[in-house]
Amino acid sequence: MIANPPQAMSKYQFSCEVLPRYLPEQSAPGQEVYSFAYTVTITNTGGVAAQLISRHWVISDAKGHTEEVKGLGVVGHQPLLKPGESFQYSSGSRLRTPTGTMHGSYFFVAEDGTRFEAPVAMFVLDAGGASGLAPGSGRVLH
């Protein structure tokens, strides 16, 4: 894989940090319902202000069932982030299995009109059984 040179990305760049957690009180394992929350922190690490316009998520469970979610903004917001600013929000997802993954991207429009996407690396949703994590504990993946 060829990486973009740093100078090509520095003007339009965002980092995304995700902290997922299992919600046992909203889950029903007997009915194959596993609920998860995740908190996302989006930080403008580039050199120009940009507005988050939309999101795209790919959510997969351990049985290979995949769902795509697309929509405007995040939790009803389309934040404009200046260089160095962050926006944090929490949302949730349900799986049919105790483990799964999510990844995706955010679509931005910069103040100068440039349109670009910021990827969100894959992260794990885990109810705690197979990994040895206590239910409710999360992992941060970048």
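The table below gives the values:
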quantity	calculated
Failed criterion for E67 (all others in (1) more than 17 Å from Y38 (Cβ to Cβ); (2) part of a strand (DSSP E or B) hold)	(1)
Segment 76-99 residues that are within 20 Å of P20 (Cα to Cα), paired with ones that are among the small types (G, A, S) and in a strand (DSSP E or B) (beta carbon under 7 Å, 6 or more apart)	S90/A37; G92/S35; G92/A37; R94/S35
When residues of segment 16-37 are limited to those that are surrounded by 14 or more Cβ atoms within 10 Å (Cβ to Cβ) and among the polar types (S, T, N, Q), the one farthest from V124 (Cα to Cα)	S27
L125 in contact with a Gly (Cβ under 8 Å, 6 or more places away or on another chain) and buried (at least 18 other Cβ atoms within 10 Å of the Cβ)	yes
In segment 72-104, residue surrounded by the fewest Cβ atoms within 10 Å (Cβ to Cβ) [restricted to those that are part of a loop (DSSP other than H, G, I, E, B) and small (G, A, S)]	G76
Odd one out for V40, checked against (1) of a type in the set (A, V, I, L, M); (2) more than 17 Å from A121 (Cα to Cα); (3) touching a strand residue (DSSP E or B) at 6+ places or on another chain (Cβ under 6 Å)	(2)
Yes/no for V58 being within 22 Å of A121 (Cβ to Cβ) and surrounded by fewer than 17 Cβ atoms within 10 Å (Cβ to Cβ)	yes
Condition check for F107: surrounded by 14 or more Cβ atoms within 10 Å (Cβ to Cβ), touching a residue at least 60 places away in the same chain (Cβ under 8 Å) and either in contact with a Phe, Trp or Tyr (Cβ under 8 Å, 6 or more places away or on another chain) or more than 29 Å from P29 (Cα to Cα) (or both)	no
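Rule-based calculations on the coordinates, nothing more; no lab input. Here the structure is a predicted model, which means the values were calculated and not measured. All Cβ positions, glycine included, derive from the backbone under ideal geometry; neighbour counts span all protein chains shown.
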